[in-house]
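Student: This is the structure, below, for whatever I ask next.
The values are calculated or read from the model by the stated rules, or taken from the named source; none is laboratory data. Since the model is a prediction, treat every value here as computed from it, not as a measurement. Cβ placement follows ideal geometry from the backbone for every residue including glycine, while neighbour counts extend to all protein chains displayed.
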Amino acid sequence: MPPTRNRIFLAAQWIFAAAIVWAAARALRGQWSAAGERLASLTIGWSWIAVATMVVFLTYLLLIETWRSILTGWNAHLPFGVASRIWFVSNLGKYIPGKIWSIAAMSVMARAQAVSPVAAAGSSILIQLVTIATGISLVLVTGIRAIDEPRVAIAVGVVLALGIASIPMVLPRLARAVAGLMGRSLEVPPLPATTLWFSVVRSLVSWIAYGVAFQLFVRGVLGSAAGATSSYIAVYAASYIIGFLALFAPGGVVVRESALVAGMVRLGLAGQADAFAVAVASRLWLTIVELLPGFVYLALARRSSNTINKSS
């Protein structure tokens, strides 16, 4: 990328990041005071939180590799380091209302690395679809005892499974239909079924890992984590997905916390006060964990750009 274009692209990323910080700070304002008294009375187990953080970061790496495998299925290749930078920087977009910014940023940054438009856009959308579909399916399995209509839940799970299985066949046809409506020619190469199923398995593993990390975090905050690990998986995945689907909420703020409190109480993982303290503490924790890697990559990119400019 030419130096001038590189500087413009980097500046755009920093403007993007500044908007994210503003949106996240505005959304978080006032939540700490609401749970501050309860949290102040607790003895935080930082070692448990450190282990939970490590599990979350390892899960990020698994998801990055899942995205890379989808790209490979479409004959596009990104080194793991480059893919990590794109993943973490684009992930900042979830803190801007609308939920499209993260997908759009991932697509644009992948195209800047000579990834084809079809693979760049298609993979960023597909990874989100697979993640959400597998997350909902896992919630239906792990949290079925808290669902009033288990038969409906099972039917929804079957529909989701069939939907995922049909992606390799449906995706090229859907792309051609969209291209026809736009009056353009667009061919999407078929995605190998093995690539899709490996992505599904990795996505399921990532949700399980997130649930385990959440249980460790609860132990660190409350001093104990009563209940089955499956319940923590269900609560975390359900609250995350509900927050993600709330398009108006940056990072699912407030919506996710409300779902988290309701789920923990419903499954007997904590009382109302403790669940609220966990919800607010986990929001602060996850905001740091999600934003920090992206900002580190932006800082490294700026440093690299300055070094190149000085040398030239």
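Student: Please verify whether region 114-129 includes one or more residues that are of a type in the set (A, V, I, L, M), surrounded by fewer than 21 Cβ atoms within 10 Å (Cβ to Cβ), out of contact with any helix residue (DSSP H, G or I) (no Cβ under 8 Å at 6 or more places or on another chain) and outside any helix (DSSP H, G or I).
Tutor: Yes: one or more hits.
Student: Turning to a different aspect of this structure: Please specify each residue of region 216-244 satisfying the condition of being without any contact (Cβ under 8 Å) to a residue 40 or more places away in the chain and either surrounded by fewer than 24 Cβ atoms within 10 Å (Cβ to Cβ) or over 23 Å from the mean Cα position of the chain (by Cα) (or both).
Tutor: Those that are without any contact (Cβ under 8 Å) to a residue 40 or more places away in the chain and either surrounded by fewer than 24 Cβ atoms within 10 Å (Cβ to Cβ) or over 23 Å from the mean Cα position of the chain (by Cα) (or both): SER224, ALA228, THR229, ILE242, GLY243.
Student: Given the criteria surrounded by fewer than 19 Cβ atoms within 10 Å (Cβ to Cβ) and at pLDDT below 90, does ILE100 qualify? Give the derivation first.
Tutor: Numbers: surrounded by fewer than 19 Cβ atoms within 10 Å (Cβ to Cβ): yes; at pLDDT below 90: yes.
Yes.
Student: Considering VAL255, VAL261, VAL265, which residue is out of contact with any Ser or Thr (no Cβ under 7 Å at 6 or more places or on another chain) and buried (at least 19 other Cβ atoms within 10 Å of the Cβ)? Steps first, answer last, please.
Tutor: Values: VAL255 fails: buried (at least 19 other Cβ atoms within 10 Å of the Cβ); VAL265 fails: buried (at least 19 other Cβ atoms within 10 Å of the Cβ).
Going through VAL255, VAL261, VAL265 in turn, the sole match is VAL261.
Student: Identify the single condition in (1) out of contact with any Pro (no Cβ under 7 Å at 6 or more places or on another chain); (2) over 12 Å from SER124 (Cβ atoms) that SER90 does not satisfy, given that it satisfies every other one.
Tutor: Looking at each condition in turn, SER90 falls short on (2).
Student: How about region 75-98: which of its residues are assigned to a helix (DSSP H, G or I), among the aliphatic types (A, V, I, L, M) and within 22 Å of ALA114 (Cβ to Cβ)? Show your work before the answer.
Tutor: First, the residues of region 75-98 that are assigned to a helix (DSSP H, G or I): 80-95.
Checking which are among the aliphatic types (A, V, I, L, M) leaves us with 82-83, 86, 89, 92.
VAL82, ALA83, ILE86, VAL89 - these are the residues of region 75-98 that are assigned to a helix (DSSP H, G or I), among the aliphatic types (A, V, I, L, M) and within 22 Å of ALA114 (Cβ to Cβ).
Student: For region 104-132, give me each residue that is more than 18 Å from TYR297 (Cβ to Cβ) and either among the β-branched types (Val, Ile, Thr) or in contact with a Cys (Cβ under 9 Å, 6 or more places away or on another chain) (or both).
Tutor: VAL118, ILE125, ILE127, VAL130, THR131, ILE132
Student: Also, quick follow-up: Any chance region 78-94 includes a residue that's surrounded by fewer than 16 Cβ atoms within 10 Å (Cβ to Cβ), modelled with pLDDT under 80 and more than 20 Å from SER203 (Cβ to Cβ)?
Tutor: Within region 78-94 (the criterion being surrounded by fewer than 16 Cβ atoms within 10 Å (Cβ to Cβ), modelled with pLDDT under 80 and more than 20 Å from SER203 (Cβ to Cβ)), the answer is no, since none of the residues qualifies.
Student: Working only within region 130-152, note down all residues that are modelled with pLDDT under 65 and buried (at least 17 other Cβ atoms within 10 Å of the Cβ).
Tutor: If the condition is that a residue be modelled with pLDDT under 65 and buried (at least 17 other Cβ atoms within 10 Å of the Cβ), then ALA146 is the only one that fits.
Student: In this structure, does VAL55 turn out to be closer than 25 Å to LEU196 by Cβ and of a type in the set (A, V, I, L, M)?
Tutor: Values: closer than 25 Å to LEU196 by Cβ: no; of a type in the set (A, V, I, L, M): yes.
Answer is no for this residue.
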